[in-house]
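So the structure is just underneath, and the comments pick up after that.
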Amino acid sequence: MTGPDYYIPAGVLAIALAVKSPSFWRSWRSPMSKSIFVILTASAAGFVFGAPPTIERVNRLTGVANISALLVYCILLCVSCGSIVLLIHWRGGPEDILRRHTRTWIAATAVVIVVFCVLFRLSTVPIEHQRDFDTFYANTPFVREMVVLYLTAHLGSAAVVVTKCWRWARELRDLQAAWTHWGLLVLVAGFGIGMSFALLKLLAIGARWAGTDRWDSLSTDVAPPLAGLGAGLTTIGFLLPVVGPRLGSMWVSWRAYRAMEPLWRALQPFAGTGKPLRIGPTSSPEFRAMARSTDISDRLLNLAPHLDGSHHEAAKQYAAAQGCEPEAALIFAEAATIHAALALAEASDRAEPRQLPPASGPGPALPTLVSGTNGLARLSIQFSKIHRSSVPVGTARADGS
């Protein structure tokens, strides 16, 4: 891996950090927010300081050969600690137990970092190695112990996260927790790849202990890309339960907005003289759907004089006789009534353009019977099916075909 191979994942993590920055600021006292901040920041820093160009600069500026290796080890250990702390608070439980577990993991991480620093200080590593530090110094006193401790800690923490995430994911089966369920599965994959990263490096170091360097490529060529992939999946896994519901809401609103278009266009002659809500290019899908549903409701009010209550009741009874559920029968009846009212209004306009004929029945309060973006979207879909049908509205099948 070259410099860009490290800086690109770091940039992606920095973007994720920027996206989450407002929520960090609003909920900084939350342990979960602090954990996510540490994970994203430390992961991005790990890639930046692990890149060969950065390693060279840091070593030159500090005047200590291979000091970057120690720095990267400490940063990645913080990522592991932050991930476990986040899971502890994510799962929840009694406050005193959460605090105790959090302090235990933070204290253990601090102790390991201190041991890293002591071992590095006692070692002799005069030759700079940007990509193969682990294997080149695999038999060097104190560095050997530091590398093994780092990989063991990394492997152990990843195993803990994978186990916790897998058990929790198996417990979450309801639809309301779907995003959390999938986020946990992505975390299992991400940290599972992180475990393979540590295992490959341990295999290469073990080969060095056995007196051969033939397996060095596992550490220098195979393991680093896996680290990048694992970090990417880990970031997605942590952000999915947070960003997923928002994306899901946007998608549902966008589908409703698009689904309401046929009815919205058909009611265009009844738009009235009021000023519609302004939809800008940056308007959210939720606002677009709300504005379109408001337009449809207003236009249905203007169409009300043409609505035939007896036609509505007959269409509803027909749909119920076909085995439709009450809600589906209501949707069909109102779609059929609107279609008939538009046809009647068009015929009346041709005969007397400036006069509206009175309704032949009491006329149901359609905008209140079916309301909301989802309800009007279903109404529009049914209306579109009836509109495309070649059979008369009165004999249209209740399933809309």
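Each reported figure results from applying straightforward, stated rules to the coordinates on display, with no laboratory input. Remember, predicted model here, so these are calculated numbers, not experimental data. We place every Cβ from the backbone using ideal geometry, glycine too, and count neighbours over all the protein chains shown.
For the chain, the alpha carbon convex hull comes to 204 Å³ per residue, rounded to a whole number. Report the FRET efficiency, 1/(1 + (r/R0)^6), for residue 254 and residue 57, where r is their Cβ-Cβ distance and R0 is 45 Å, rounded to 0.05. So, using R0 = 45 Å, E works out to roughly 0.45. Computed from backbone phi with θ = phi - 60° and the Karplus coefficients 6.51, -1.76 and 1.60, the 3J(HN,Hα) list for the range 117-132 is 4, 5, 4, 5, 5, 7, 7, 10, 10, x, 9, 6, 9, 7, 10, 10 Hz; x is used for glycine and proline.
Projecting the Cα atoms of 118, 181, 153 onto the dipole axis of the chain, where Lys and Arg carry +1 and Asp and Glu carry -1 at the beta carbon, places 118 farthest toward the positive end. Backbone phi angles across the range 220-231, fed through the Karplus curve with coefficients 6.51, -1.76 and 1.60 (θ = phi - 60°), yield HN-Hα couplings of 8, 10, 8, 5, x, x, 5, 4, x, 5, x, 5 Hz in residue order; Gly and Pro are listed as x. Each residue of the range 183-191 was assigned a 3J(HN,Hα) from its phi angle through the Karplus expression (A = 6.51, B = -1.76, C = 1.60, θ = phi - 60°), giving x, 5, 5, 5, 5, 4, 5, x, 6 Hz with x at Gly and Pro. Hull volume per residue, based on the alpha-carbon atoms of the range 161-309 and their convex hull, is 149 Å³. The length gained on full extension between residue 371 and residue 108, counted as 0.36 nm times the residue separation minus their Cα-Cα distance, comes to 89.0 nm.
Note on the range 275-331: Kirkwood hydrodynamic radius from all Cα pairs is 13.9 Å, rounded to one decimal. The share of Cα pairs per 5 Å bin across the range 42-186, counted from zero up to the longest distance, runs 2, 9, 16, 18, 17, 12, 10, 8, 6, 3, 1, 0 percent.
Quick one: which of 291-297, 121-127, 187-193 comes out on top by average Cβ neighbours within 10 Å, and what's the full order, highest first?
187-193, 291-297, 121-127
Distance between the 7 Å Cα→Cβ label points at residue 163 and residue 261: 5.3 nm. Neighbour counts of C-beta atoms inside 10 Å place 303, 151 in the sequence 151, 303, starting with the fewest. When you restrict to C-alpha pairs under 8 Å that are six or more residues apart and normalise by the size of the range 63-136, the relative contact order lands at 52 percent. In this structure, the amide hydrogen of residue 140, modeled 1.01 Å from its nitrogen in the peptide plane, lies closer than 5 angstrom to no residue at least 5 positions away or on a different chain.
Rounded to 0.05, the FRET efficiency of the residue 213 and residue 122 pair, given R0 = 25 Å and the Cβ-Cβ distance, is 0.50.
Its DSSP H runs of at least 4 residues, each contributing -39,500 (n - 2.57), put the calculated 222 nm mean residue ellipticity of the chain at -25500 deg cm²/dmol, to the nearest 500.
Put the Cα centre of the range 314-334 next to the Cα centre of the range 94-149 and the gap is 70 Å.
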